[in-house]
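Report on the structure given below.
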Amino acid sequence: MNILILGHGAWGRAIGGVVERLKHQVTFVGHADTTWPAVKPDYILLALPVQHVRETLERFPSPGVPVLSLSKGLEITTGERVSQIVTDVWKEPRVAALSGPTFASEIAAGLPAICTIAAQDENLAKEFQAILHQPSFRTYSSGDLIGVELGGALKNIYAIAGGACHGLKLGQNSLAGLLTRCLAEMTRIGVHAGAKAETFAGLSGIGDLMLTATSEQSRNFRFGSLLAQGLTVEEILPQLGGVCEGLPTTRSVHLNSAIPADSKPIITHLHAVLYEGMPPAKAVKNLLSRAARDE
């Protein structure tokens with residue numbers, strides 16, 4: 001198979017290595033390029049920062065082949081998931097998404113990892129499984145494209161919150177409680193958008209959340225930790241060595257009026273910290289001071 005990976009950052013290169021281990025031919029195209037390679041690919045894997053996806057796709061004619069999104073986030077201006085952007089720009093309905101607890105550095109090192117590949121047509125998900133599945137990169141298929149994409153996007157927001165909890169030195173009890181409520185909020189938002197609740201109990205939900213919201217390897221976690229220690233957004237971003245997808249995704253979800261405010265209190269307070277100048281300690285106090293309620 002000829003596999004084209006659009007985006008050659010650390011994540012794209014790591015997945016490229018997975019594909020090459022199964023003897024597929026891999027070609028990389030960067031987001032600044034303007035033409036396709038001469039050889040038409042059989043599949044495209046999309047590994048771009050989410051806020052660059054639309055502008056990049058608009059520079060290329062539709063390749064007319066199935067697309068697998070490796071990107072996790074939501075577009076600020078529209079709130080769309082990556083699969084929606086691909087279909088919108090390229091008019092390509094054959095779009096799947098990969099998500100789960102996966103750090104690029106560990107994938108590149110050949111360490112075992114497990115993820116989910118989702119598509120509305122589960123046969124398409126299985127096609128992409130055939131390209132990627134191997135002992136060091138186990139894949140499961142799902143028909144809940146909305147849930148898998150939202151899990152991958154929302155966990156970046158909650159990883160910032162987890163990092164802030166760490167930076168404020170609130171302890172392990174607080175972190176465990178916070179992430180449990182993050183999972184509940186993530187599930188509410190997902191179900192409201194048409195996802196299945198059970199998807200968030202899987203690899204793309206709690207699995208990715210557990211990894212990203214507790215590890216210093218996560219740029220979103222490090223961002224939240226440094227923010228809680230008093231650094232500004234402008235001071236933190238150059239230190240991360242890559243994109244902090246949770247930052248624009250927080251903005252996107254907050255601006256989405258279709259998601260009721262009382263369904264997303266953690267995101268509402270995190271947005272106030274990131275964009276409205278609220279001190280992290282004040283956001284924590286506000287959340288903990290809310291009235292008692294049923295779980």
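The table below gives the values:
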| quantity | calculated |
| --- | --- |
| Nearest-ten-degree value, helix 145-167 long axis tilted from longest Cα axis of the chain | 40 degrees |
| Mean-position separation - Cα centroids, the stretch 236-295 and the stretch 107-172, in angstrom | 22 Å |
| Relative packing of 148-155, 20-27, which averages over residues the other C-beta atoms within 10 Å, highest first | 148-155, 20-27 |
| Cα gyration tensor, the stretch 45-88 - rounded (a/c under 1.5), prolate or oblate | prolate |
| Residue order for His31, His271 - accessible surface, 1.4 angstrom probe, largest first | His31, His271 |
| Helix 246-255 axis, angle to the chain major axis (alpha carbon atoms, nearest 10°) | 70 degrees |
| Candidates Gly143, Gly73, Gly194: whichever shows maximal mean-square fluctuation once the chain is modelled as a Gaussian network with Cα springs under 10 Å | Gly194 |
| Proximal lysines to Lys285, defined as alpha-carbon separation beneath 26 angstrom and excluding residues fewer than eight positions away on the same chain | Lys155, Lys169, Lys264 |
| GluC sites (Glu not before Pro) restricted to the stretch 167-274 and DSSP loop, no more than 15 other C-beta within 10 Å | Glu216 |
| Heavy-atom accessible surface of the stretch 209-249: percent carbon and sulfur, 1.4 Å | 56 percent |
| Candidate residues Met186, Met1, Met278: accessible-area rank, largest first, probe 1.4 Å | Met1, Met278, Met186 |
| Cα shape, the stretch 69-168, gyration tensor, a/c 1.5 rule | oblate |
| Length gained when the stretch Arg181-Asn123 is fully extended (0.36 nm per residue, less Cα-Cα span) | 17.5 nm |
| Pairwise label distance in nanometres, Lys169 with Ser62, each label 7 Å out on the Cα-Cβ vector | 5.7 nm |
| Overall form of the stretch 1-134 per C-alpha gyration tensor (a/c, 1.5; a/b vs b/c) | rounded |
| Within the stretch 209-295, trypsin sites (Lys or Arg not before Pro) in DSSP loop having at most 16 other beta-carbon neighbours inside 10 Å | Arg290, Arg293 |
| Solvent-accessible heavy-atom area per residue, rounded to whole Å², over the chain at 1.4 Å | 44 Å² |
| Cα-based convex hull, the chain, per residue volume (Å³, whole number) | 123 Å³ |
| Rg/Rg_ref, the stretch 1-78, where Rg_ref = 2.2 N^0.38 Å and atoms are Cα | 1.05 |
| GNM top mover of Thr102, Thr78, Thr268 - the chain, alpha-carbon springs below 10 Å | Thr78 |
| Gaussian network model of the chain, springs between alpha carbon atoms under 10 Å - residue of Gly224, Gly16, Gly30 with greatest fluctuation | Gly30 |
| Rounded tilt (10° steps) of 265-275 against the dominant C-alpha axis of the chain | 90 degrees |
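The values are calculated or read from the model by the stated rules, or taken from the named source; none is laboratory data. Keep in mind that this is a model prediction, so the values were computed, not measured. No Cβ is skipped: glycine too gets one built from the backbone with ideal geometry, and neighbour counts run over all protein chains shown. Just so you know, the surface numbers come from the protein's heavy atoms only, side chains and all, with ligands and any DNA or RNA stripped out. Shrake-Rupley method; radii C 1.70, N 1.55, O 1.52, S 1.80 Å.
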